[in-house]
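Below: one structure, written as structure tokens.
The values are calculated or read from the model by the stated rules, or taken from the named source; none is laboratory data. Since the model is a prediction, treat every value here as computed from it, not as a measurement. Positions of Cβ are backbone-derived with ideal geometry, glycine not excepted, and every protein chain shown enters the neighbour counts. For the accessible areas, the whole protein counts, side chains as well, though only heavy atoms, and no ligand, DNA or RNA atoms are used. Shrake-Rupley method; radii C 1.70, N 1.55, O 1.52, S 1.80 Å.
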Amino acid sequence: MREIIFRGKAVIDFEREQVFEFWEREVLKNGDWIQGDLIWNNGTPFIVHGVIEDNDEYISLEWWVPVAPETIGQYTGLTDKNCKKIFEGDIYRVINNGKTLETLFEIRFLHGAFCAAPVRRDDEDFVPLEWIGNEDEPDDSAYFFDYAAHGLQFEVIGNIHDNPELLENK
């Protein structure tokens, strides 16, 4: 069974004391990535961890941190060649038979599955697998787990939030 984890960038207003006892400014900064479970409360997303107590009326958590909604991404269940967890929104490169390919891909969640969308096609001679694309998927996304099943290696080199320059064509 796949581990369900989300990540997002912390949005903390220290002046409004949205930080709880164990979070100190030296430990967590505004904009830091945080991983855990995802909940929404009154339109605000939170990454949370450690259910201490719950019942029909409330839930008590070990910690919770508000995050920017546009940065939320789910863990794919896979790791790259360096054992780094691969999340939705990550940008990675493919290694095939020891050769690092120039084409970069972004992990997206489309139609109920994680997909690999090419963000830069510098190596036009290489397509790792047949692209799965039609009128419903005009972006030429291919299902990510298809790549993993064919023994290709991945290396996460950034993400769409911290490294937007990787999305630009050369």
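Among residues other than Thr71 with Cβ under 13 Å from its Cβ, the summed charge is -3 (Lys and Arg +1, Asp and Glu -1).
The solvent-accessible area of Trp64, taken with every protein chain present and a 1.4 Å probe, is close to 80 Å².
Heavy-atom accessible surface of Lys99, to the nearest 10 Å², is about 110 Å², with a 1.4 Å probe and all protein chains retained.
Extension gain, Asn82 to Arg2: 0.36 nm times the residue separation minus the Cα-Cα distance gives 26.9 nm. Taking amide hydrogens as placed 1.01 Å from N in the peptide plane, the amide H of Glu102 sits under 5 Å from those of Asp123, each at least 5 positions away in sequence or on another chain. Heavy-atom accessible area, probed at 1.4 angstrom with all protein chains present, ranks Tyr75, Tyr58 as Tyr58, Tyr75, highest first.
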